[in-house]
């Protein structure tokens, strides 16, 4: 219990001083919402029907892929790892707490978008809020699991940012949030389906939760956990 509380305390201190977390989980997603939300609804008035979903997919994808990996590099590629070991804190706890922290921040950001979009841009509220937030919770967990692999696999801060951006750009550009996927060439549509963002957007805009979508996310999540476990064992050596 003492090791757990120490890990929580350490993660809290890291969150407070983390500018990356503030920028990627709040400032950039909300700024993108204010600017692009106005552009989308002016150029394509029908965009208001899916504005909440599209802005949320962008914010979650950015916060996960660009915000979480640097935090994991800071934990596992610095003296913080030694502090964990010295105080008897299991290494996996750092990964778990970083994910929980990012999950909470991104969920808060998503709620802000959910409330602000109808007030600012007269966006349509999802018909089934319960289904929407369940879809959001699933998409958040899967996005963070993918981001965790990047943060554990790449030990250099600069390289981590590079890999995160490489995954982030196609995730958002080919997900359907900027323009309908039907407008894209077939090859780009296929590439877009390789990223969770496109499936997350589809899941949050559908009227019902389809079993195949849940199964896909479950497979990705389980696979990511297995990969993270392997990477943590290598770090612990």
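All of the numbers you see were taken from the coordinates with simple rules; none came from a lab. From a predicted model like this one, the values you see are computed outputs, not experimental measurements. Glycine also receives a Cβ, built like all others from the backbone with ideal geometry; neighbour counts cover every protein chain displayed.
Report, by residue number, each residue of segment 220-229 that is more than 17 Å from the chain's Cα centre (by Cα) and either surrounded by fewer than 12 Cβ atoms within 10 Å (Cβ to Cβ) or not in a helix (DSSP H, G or I) (or both).
226
Give the residues of segment 164-187 that are in a helix (DSSP H, G or I) and crowded, with 16+ Cβ neighbours inside 10 Å, sorted by residue number.
Across segment 164-187, the qualifying residues are 164, 167, 168, 170, 171, 172, 173, 181.
Starting from residues that are part of a loop (DSSP other than H, G, I, E, B) and within 30 Å of residue 93 (Cα to Cα), keep the ones in segment 188-210 and report whichever is farthest from the chain's Cα centre (by Cα).
194
Quick one: which residue in 213, 161, 135 is assigned to a helix (DSSP H, G or I) and closer than 14 Å to residue 62 by Cα?
After ruling out the rest, the residue left standing is 161.
Spot the failing condition for residue 116; the list is (1) under 18 Å from residue 37 (Cα atoms); (2) buried (at least 16 other Cβ atoms within 10 Å of the Cβ); (3) in contact with a helix residue (DSSP H, G or I) (Cβ under 6 Å, 6 or more places away or on another chain), and only one is missed.
In the conditions (1) under 18 Å from residue 37 (Cα atoms); (2) buried (at least 16 other Cβ atoms within 10 Å of the Cβ); (3) in contact with a helix residue (DSSP H, G or I) (Cβ under 6 Å, 6 or more places away or on another chain), residue 116 misses (3) alone.
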